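Read-outs: derived from the displayed coordinates by stated rules, not from any lab. Small disclaimer: the values here were computed from a predicted structure and weren't measured. Glycine gets a Cβ as well: all are built from the backbone with ideal geometry, and neighbour counts include every protein chain shown.
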Amino acid sequence: MVAKNIDSTIKEQLKFTLNETEFSNLGDLYRGKVRDNYIKEDIRIIISTDRLSAFDRVITTIPFKGQMLNQVSSFWFDKTKDIVKNHIIDIPDPNVAVVHQCKTVPVEVIIRGYLTGSMWRDYNKGKPTSGIMPPKGMKKNQKFDEIIITPSTKAESGHDIYLSKEEILKKEMVEKDVYEEMEEAALKLFKFGQELCEKNGLILVDTKYEFGLEEGELMVIDEIHTQDSSRFWILDSYQKNFEKDVNPEILDKEIFRGWLMETYPEVFPDIKPDEVIPPISQDIKIELAKRYMRSYEKITGLEFKPEISDVKKRIYENLKKANYL
């Protein structure tokens with residue numbers, strides 16, 4: 001059933017948000033911040049839940065988020081498969097990706113086109129990010145003359161740690177030729193993403209990539225250019241507002257980070273691993289769902305048609321139909 005009023009549709013779907021799954025027959029379960037991973041032999045079945053993380057904590061669930069996340073990622077994986085090989089095998093459900101089981105490289109490649117987010121916060125403190133200190137006198141949200149790479153460790157929990165390329169190689173976290181192949185692949189993916197986004201009136205501001213090895217071959221894994229892993233700005237809004245020192249209109253979860261810091265400044269951004277999550281208003285959940293929908297449509301050029309349904313039941317039925325259960 002598709003409701004005419006989007007706010008009421010999202011509100012109704014709040015009772016069906018997918019917090020977690022328990023499909024023991026799929027394989028060994030590993031639960032990430034946002035995705036439930038089932039591993040069996042040489043395949044991994046990734047179920048994108050509606051969990052929303054911020055400041056390295058799972059905070060709440062957002063209606064339709066998992067579906068949009070998986071579908072946006074699938075869109076980009078398909079568009080870039082001839083640029084860099086990826087791990088996708090099958091998409092049996094809007095929330096589900098069946099992928100090759102790879103050996104994960106324990107380094108995230110973070111690509112930045114603009115001075116914003118955590119790098120801006122570090123810059124204000126006079127602190128470099130991954131050993132890189134942008135030139136003096138830069139403004140918030142200013143475009144870099146050249147794309148910057150700030151790699152970090154891939155943490156199981158808590159905050160990821162920014163490291164320089166030299167530190168990563170010195171610690172032998174990844175072989176030099178593999179790391180350089182990762183950087184080259186990440187730059188190609190980011191430039192392609194920026195060009196496609198610009199055609200659709202968006203700026204791909206920054207993003208992160210994760211890589212894995214399958215029989216020695218490098219693959220991009222996890223997700224790509226999603227609202228969780230990337231920042232998106234409305235192009236016109238940025239062009240009109242940058243010189244006025246006004247933030248551009250954003251279409252990612254940065255609005256949620258800002259809401260948390262404004263609503264609970266005593267808790268965020270430095271929330272402790274065991275600290276209780278404060279109440280999250282229904283209004284911000286609805287607003288965030290709408291932003292995800294808008295960015296989904298801006299990125300893919302496709303209309304998102306939200307259907308009120310029991311997500312877990314649908315996933316089960318589709319996995320069974322595709323002979324994964």
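Could you work out the helix-only [θ] at 222 nm for the chain, with each DSSP H run of four or more residues adding -39,500 (n - 2.57) and the total divided by the number of residues, to the nearest 500 deg cm²/dmol?
Per the formula, -10500 deg cm²/dmol.
Take the alpha carbon gyration tensor of the stretch 269-325, find the square roots of its eigenvalues, order them as a ≥ b ≥ c, and report rounded if a/c is under 1.5; if not, report prolate when a/b exceeds b/c, else oblate. Because a/c hits 1.5 or more and a/b fails to exceed b/c, the stretch 269-325 counts as oblate. With a cut-off of 18 Å on the backbone N, the residues of the stretch 271-291 near the modelled label site 7 Å out from S8 along Cα-Cβ are 283, 286-287, 290. The stretch between N124 and N200, if pulled fully straight at 0.36 nm per residue, gains 24.2 nm over its current Cα-Cα span.
Using a simple spin-label model with pseudo-atoms 7 Å out from Cα toward Cβ, N25 and M261 lie 4.7 nm apart. Name the most mobile residue of Q282, Q67, Q227, meaning the one with the largest mean-square fluctuation, in a Gaussian network model of the chain with Cα contacts below 10 Å. Greatest mean-square fluctuation among the candidates belongs to Q282. Residues considered: E108, E146, E198. Largest GNM mean-square fluctuation over the chain, using C-alpha springs under 10 Å, is found at E146. Counting only whole DSSP H helices of the chain, there are none at least 30 Å long by C-alpha along their axis and with mean Kyte-Doolittle hydropathy no lower than 0.0. Label zone of K321 (point 7 Å out along Cα→Cβ, amide N under 13 Å): in the stretch 289-313 this covers 313. When the chain is treated as a Gaussian network with alpha carbon springs shorter than 10 Å, the biggest mean-square fluctuation among T263, T226, T116 belongs to T263. This model, with +1 at the C-beta of Lys and Arg and -1 at the C-beta of Asp and Glu, gives the chain a dipole about its Cα centre of some 860 debye. Percent of Cα pairs in the stretch 193-315 per distance bin of 10 Å, from zero to the largest separation: 11, 30, 34, 21, 4, 0.
Separation of the stretch 95-121 and the stretch 174-234, taken as the distance between their Cα centroids, equals 7 angstrom.
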